[in-house]
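See structure below.
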Amino acid sequence: MAKRSLFCAFVASVAATQVAAEVSAPNGIYIRGDVGLERFSVFGDSETTFSGRLDFGISPDQHSSNLGPIGLHFAIEGLDGPGGDDPKAFYAAVSYTGDFGRFSIGAPRPVTDEGYFDTHLFLGSTWLDFELGQLTRSWVSNAYLFSSSGDRPIGARWDGQFSNTKVGISYNQMDDLDLRDWNLAVRHDFPVSDQGYQFAVYGGLEWTTLQDYDQFLYRIGIEAHSTEFNAGLRWDRLESPFENTITAYADYNIVRNASIGVDLMYSDGFSGELVYGLNGKYRFFNDGWLNVFIGSNVENTDYFYGAGLGQHF
């Protein structure tokens, strides 16, 4: 209970100071991610959770930093629910930025978790984003979240940018689990079209060794944005348990601060399920949101549904 209260208090304090940070914080500060309080029902069982994923720190490439080429990077993610064993993760790294790019050391986030891929939340839900595990985060991050040891994924990371293309490589290891993890991520952002459309393509590769077991994960995706809609399509190839998974979404702004969206996810792992759903989101104040969603899959006649209140950074 104490750990849960600490997590909630910390994330709430970050959210409460978001506006002040944008106005008065030292140059180079950044905060990005989502936190949310949600009430949902899954096939008749109802729960309330507080979940979030936040990246924050001071980076020289976020305007002009007071620390010169030195950067400090932190990340926290976790879920608090009615159970007593709620997973949490904390990352921290120091970076140096030069003509070669940015090099980070400590316990950095893997590159496939931050900075390169589409950040869309499935059905707009922070809880679902967390529960999807390997489909929304790297293998090492998922293992770290659910590990009972106090070991952190120490390692190093390099990020470089070449015109509109970003490239990142990271390495993390957890000695208690005998886990070694390499990640490669690439993203290319196309120039905004004359009609106001913006497109991006991205891809990634993750190679994980856990004792004598090797796991490879491949990701390729495309996303499109305009003032009226957002859409994305992504393919994930895991050796297990999801194998080939395709996710797609489209959101349309029906009025200035309100949107409706549809999400689809098909996986040929397990029994080959198609999960689908609809959501409606209302945005207010400084990127706050109210979201309602309903979904199901072709193998069940029951639905899962919920509502949440949160903050996007």
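The loop-placed chymotrypsin sites (Phe, Trp or Tyr not before Pro) in the range 206-289, going by DSSP, that have at most 11 neighbouring Cβ atoms within 10 Å of their Cβ come out as F270, F285.
Note on L177 and L233: the model spin-label points, each 7 Å out from Cα along the C-beta direction, lie 3.3 nm apart. Just the protein heavy atoms count here, and of the accessible area of the range 218-266 at 1.4 Å, carbon and sulfur take up 64 percent.
With a Förster radius of 22 Å, plug the Cβ-Cβ distance of S226 and T119 into 1/(1 + (r/R0)^6) and report the FRET value to the nearest 0.05. Calculated value: 0.85. Between Y303 and Y266, the modelled labels are 2.3 nm apart [label points 7 Å from Cα along Cα→Cβ]. For the range 158-313, a/c is not less than 1.5, where a ≥ b ≥ c are the root eigenvalues of the C-alpha gyration tensor, and a/b does not top b/c. That puts it in the oblate class. First measure r as the distance between the Cβ atoms of D287 and T165, then evaluate 1/(1 + (r/R0)^6) with R0 = 30 Å and state the FRET efficiency to the nearest 0.05. E(calc), rounded to 0.05, equals 0.65.
Full extension of the chain between F90 and R256 gives 56.2 nm of extra length, using 0.36 nm per residue less the Cα-Cα distance.
Sites listed here are trypsin sites (Lys or Arg not before Pro) in the range 193-284 whose DSSP assignment is loop and whose Cβ has at most 12 other Cβ atoms within 10 Å: R256. Full extension of the chain between D189 and S41 yields a length gain of 49.5 nm, computed as 0.36 nm times the residue separation minus the alpha carbon distance. Phi angles across the range 171-183 convert, under the Karplus curve 6.51 cos²θ - 1.76 cosθ + 1.60 with θ = phi - 60°, into 3J(HN,Hα) values of 9, 9, 9, 10, 5, 4, 9, 6, 10, 10, 9, 10, 10 Hz, Gly and Pro given as x. Sorting the segments 186-196, 111-121, 146-156 by their residues' average number of neighbouring beta-carbon atoms within 10 angstrom, most packed first, yields 111-121, 146-156, 186-196.
The values are calculated or read from the model by the stated rules, or taken from the named source; none is laboratory data. Just so it is clear, the model here is predicted, and its values are computed rather than measured. No Cβ is skipped: glycine too gets one built from the backbone with ideal geometry, and neighbour counts run over all protein chains shown. Surface accessibility is based on the protein's heavy atoms, side chains included, excluding ligands, DNA and RNA. Shrake-Rupley method; radii C 1.70, N 1.55, O 1.52, S 1.80 Å.
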